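The block underneath contains the structure these notes are about, expressed in structure tokens.
The values are calculated or read from the model by the stated rules, or taken from the named source; none is laboratory data. In this text the structure is predicted, and so the values were computed from the model without any measurement. Here Cβ is always computed from backbone atoms with ideal geometry, including for glycine, and neighbour counts include all displayed protein chains. Side chains are part of the model used for accessible areas, which takes the heavy atoms of the whole protein and leaves out ligands, DNA and RNA. Shrake-Rupley method; radii C 1.70, N 1.55, O 1.52, S 1.80 Å.
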Amino acid sequence: MPKISIIMPTFNVEKYIARAIKSCINQTFKDIEIIIVDDLVSDNSINIAKEYAKKDERIKIIHNEKNLGTFAARNAGVKAAGGGYLLFLDPDDYLELDICKIALENICDCNLLSFSYVKIDNNNYEIFSAKWKDYNSYLKLIKKKKFTPWNLCNLIVKKDFYIQKINSFSSERLLLAEDMLVFSFLVDCKMKAIEYVGYYYVINSNSITCLNKIEDNLKQYEKILELINNSNIEQKIKKYYSYFLNNSILDCKYKLNLINIIHYKLVKFVFYLQKKLRF
């Protein structure tokens, strides 16, 4: 069985998928499998993937019967995974070639390891790191309501741990803020972060996260907030993620003219006090 399963949910990314696949097959650590999930693509993405699969038996392609969206498609890949650890890769992004090796060397007995990533927007590059080293430093950081990345792309996580934590909502159709939801459930006393750039996140103007559909965004944010509030995760974790979600919900409602500017500014001031006074 492979040590690491790299999960790649795929939908209409024929311009980028070859680069993503190459960043997997050229990893310096070879004991991996690459699971490409066909989420009913209508372009040439899967045909490109099939050509690579002919040359590398570590590549597995699974086909969804209907379009599930990134979150559920990713979890379909997890169900098919044989590795003890999971890495997640969006097919318009790519991996540092040493990341599997470095991640395995550093995760030790932890359930998850966070590493840094580079955000690429045209010719602009920005490095994001966790800003925490372990669970205790993470709690100190979120008490101040400081932003720290909650992306799944810059994590390696134990497969059994991941499945256990997200099982209750793994088939939900989530198109926005799903990484925030999952990470909030993965927060654990056995978590660790290193400052090593392992992932290159490329801004694609055609991706779901870049499509500005405010009404749909509002519904997604409200759904994520409901799932977090109804969960049994620690209260301090709920407060942190609810703070950011409620800010986003407020912005959506204002843009949709569901609240007036006086209401908007008043609630924004309350959010400011929550952050300043740490409650």
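Structure summary
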quantity: In segment 65-87, the residues that are open to solvent by less than 10 Å² (accessible area, probe 1.4 Å) and assigned to a strand (DSSP E or B); calculated: Leu86, Leu87
quantity: Candidate set: segment 96-143, residues that are assigned to a strand (DSSP E or B) and of a type in the set (Asp, Glu); chosen: the one farthest from Ile194 (Cα to Cα); calculated: Asp121
quantity: Counted residues, segment 181-217 - those being over 22 Å from Tyr85 (Cβ atoms) and modelled with pLDDT of 85 or more; calculated: 7
quantity: Qualifying residues in segment 1-15 (those that are closer than 13 Å to Asn47 by Cα and either assigned to a loop (DSSP other than H, G, I, E, B) or aromatic (Phe, Trp, Tyr) (or both)) - the one nearest to the chain's Cα centre (by Cα); calculated: Phe11
quantity: Of all residues making up segment 41-64, the number that are open to solvent by less than 50 Å² (accessible area, probe 1.4 Å) and charged (D, E, K, R); calculated: 3
quantity: Matching residues in segment 16-40 - criterion: being part of a loop (DSSP other than H, G, I, E, B) and open to solvent by 30 Å² or more (accessible area, probe 1.4 Å); calculated: Tyr16, Asn26, Thr28, Phe29, Lys30, Asp31, Leu40
quantity: Residue that is farthest from Ile107 (Cα to Cα), among those in segment 162-173 that are of a type in the set (Ser, Thr, Tyr) and open to solvent by less than 60 Å² (accessible area, probe 1.4 Å); calculated: Ser170
quantity: Entirely in segment 174-279, the helices (runs of 4 or more DSSP H) that have 2 or more residues that are crowded, with 20+ Cβ neighbours inside 10 Å; calculated: 178-186, 214-229, 235-255
quantity: Pick from segment 144-161, criterion over 16 Å from Glu195 (Cα atoms) and modelled with pLDDT under 95, ranking: most open to solvent (accessible area, probe 1.4 Å); calculated: Lys146
quantity: Residue match in segment 168-176 (condition: in contact with a helix residue (DSSP H, G or I) (Cβ under 9 Å, 6 or more places away or on another chain), of a type in the set (A, V, I, L, M) and modelled with pLDDT of 95 or more); calculated: no
quantity: Residue ID - surrounded by the most Cβ atoms within 10 Å (Cβ to Cβ), chosen from residues in segment 88-114 that are of a type in the set (S, T, N, Q) and out of contact with any Phe, Trp or Tyr (no Cβ under 6 Å at 6 or more places or on another chain); calculated: Ser114
